[in-house]
Structure formats: structure tokens, C-alpha cells
């Protein structure tokens, strides 16, 4: 039975009935992701982002303290310390704008907010170094300011990072970084992201054509919007359908298949194990990434028989001439 609940329409569930959704509380909490990351498990997106902002704070503090110690003249001109990093962030924003040549660029507002957050933490570190030593009252004030900054930053970025943790996507790759020829495939991908058109996309192409990369990029766009995307292998999906698990996920676990609205199913060779219980995927949008050795014609035919001809579209990723970021 499909998982019910959605407090807001998502890109893959436009017009969903509003009701209380326990999934929202999971992606708005830090515990289970931020504090479960250590050498015995893995580094989650929440943990990595928090560490990154702590590093920005430390960078500002250490660089300013070192500069003040080596150049006594700066003690009388401390304002100079606050000028350098804003210039670096401004350069990064300009470079991001020049790279936005994809039909699906990262929104400029997201770039600006990210740059402003980094700048805020670095500036806080510089300010602490520039104003040492602190009186007890001043130290408490700065601690309160830092706590407020951390709270506001987590409120903005935390749910997005938690959604990525819950998606089990293997890496972060924005759709705007998928450099390819979009002339034919762009409308289909754009409709899919809006929750329109066929619910199932079959991505085909030879090895190295970028099938998985494109699927992950689409999943990331859903996740950045705090949607309920789930990446899994075809084998995992078959196992899940066979066991029929319906219990919701724990905070430290990825979404279950039932909870997900978008499934990214990788390395699909066949659908024999999935087709008999395809009803469990009702209401979901799915990206099926065909294995390089798969019989594409047989896969497409089985998808049509299982979900209906109007619910399936094929994307030939090989024809898009994808160019990896490293130029390989």
C-alpha cells in the first residue's frame, strides 16, 4: 500500500492531499544524522556540512590571529582583515554565474545564500580573533551570537542535508553540472521534475554514457527541495518487494521504498522479480537505469506491460554526449 502523507506538494506529488506527514519531522531534526556520523558508520551530508561551517569559523579565526601576530601594523587597521574573504566569495559567485550554461542551472538565490553563510562563519572567526582577549561578559555575548548564527544556518540548510541523508544517493551532483546536449531530452526531464508526463523514465546507454550520473542528478534536484527521493539498486528493490516491509524508517536509515516519492533504481537487468507486485510502486515516479548489458527492448516492453504505455518514456543518455566534469 502506498505511503500516505504530504504536508506540501513536492515536485513529484503535485496536488497531494494535505495531511500530517511524519517524514517532515525526520528531515527537520539533527539527531540521528549529525550525531550518528563517526568512524564506525559513515559521514552524512548533515555531518559534513556542519564540519564545513566549523572549518570556516576556524579558518577565519586562525588566519586573522596569525596575521595579527606576524604583522603588528594590522592591530591598528583591523578592518583590512574583514575585506579579504568577501572578495573571494564575490569571485566564487561570479564564477558560478559563468558556469551556469545548463538548461538546469543552480538558482542564483541558492548560490548567494550559500556564499553568505560561508562568509558569515568566516567573519565570525575573524571577529573573535580581532577582539581577543575577551571579558567574561563579551565572551558570553559572542557565544550567543555564534549560537544564533548556527541555528539560523541549520534552519536554512539542515532539512536539505537531512533529506539527502535519507535519500541514500551515492554522491551530490546537481543537474546543472551535467554537461551534455540537451536539445531532445530537456523537455522530458523538465516535465518529470515538475511531476508531469510519464511517471517512469528508462535511462539507457552504453557503459560510461552517464546514465547513473543523470539519474543521481535528477534525484539530487528533488532532494535539494526536501523531497522524498530514494536511490537503490534493482536487487534491493526486488528484496524489498519480496519482504513487503511497511514499517517507516528510523531517523538514521534511508527512506523505505514505501516512504519515497521518487525512486532511482540503478543497474536494472530485468523486471521479473518486480512486476508481480508492481502495485506497491503505485503513485511513485521512478527512474530506471538500465545496466549496460541489459536488453533495452525487453525492459521497455516489460515496463509498458507493468505500468501502462502512457506511463513510460525512454531517454537515450548515450545520445546526449555527456562530458564528465574532469574532462575524461
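The values are calculated or read from the model by the stated rules, or taken from the named source; none is laboratory data. Since this is a predicted model, take the numbers as computed values, not measurements. Here the Cβ is made from the backbone with ideal geometry for all residues, glycine too, and neighbour counts use every protein chain on show.
Number of residues in the stretch 128-145 that are in a helix (DSSP H, G or I) and without any contact (Cβ under 8 Å) to a residue 60 or more places away in the chain: the value is 10.
Taking each residue of the stretch 266-290 that is more than 28 Å from residue 208 (Cα to Cα) and looking for partners that are in a loop (DSSP other than H, G, I, E, B) with beta-carbon atoms closer than 6 Å, six or more apart or interchain, yields 282/2; 283/2. Residue-level analysis places residue 45 among those that are closer than 30 Å to residue 285 by Cα, modelled with pLDDT of 85 or more and out of contact with any strand residue (DSSP E or B) (no Cβ under 6 Å at 6 or more places or on another chain).
Just one of 268, 289 is closer than 17 Å to residue 218 by Cα and touching a helix residue (DSSP H, G or I) at 6+ places or on another chain (Cβ under 6 Å); which is it?
Working: 268 fails: closer than 17 Å to residue 218 by Cα.
Every option except 289 fails the conditions.
The rows are residues; the columns are (1) at pLDDT 90 or above; (2) surrounded by fewer than 22 Cβ atoms within 10 Å (Cβ to Cβ).
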| residue | (1), (2) |
| --- | --- |
| 214 | yes, no |
| 225 | no, yes |
| 231 | yes, no |
| 242 | no, yes |
| 250 | no, yes |
| 269 | yes, yes |
| 279 | no, yes |
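Residues in the stretch 302-328 that are surrounded by fewer than 14 Cβ atoms within 10 Å (Cβ to Cβ) and over 17 Å from residue 210 (Cβ atoms): 305, 308, 309, 310.
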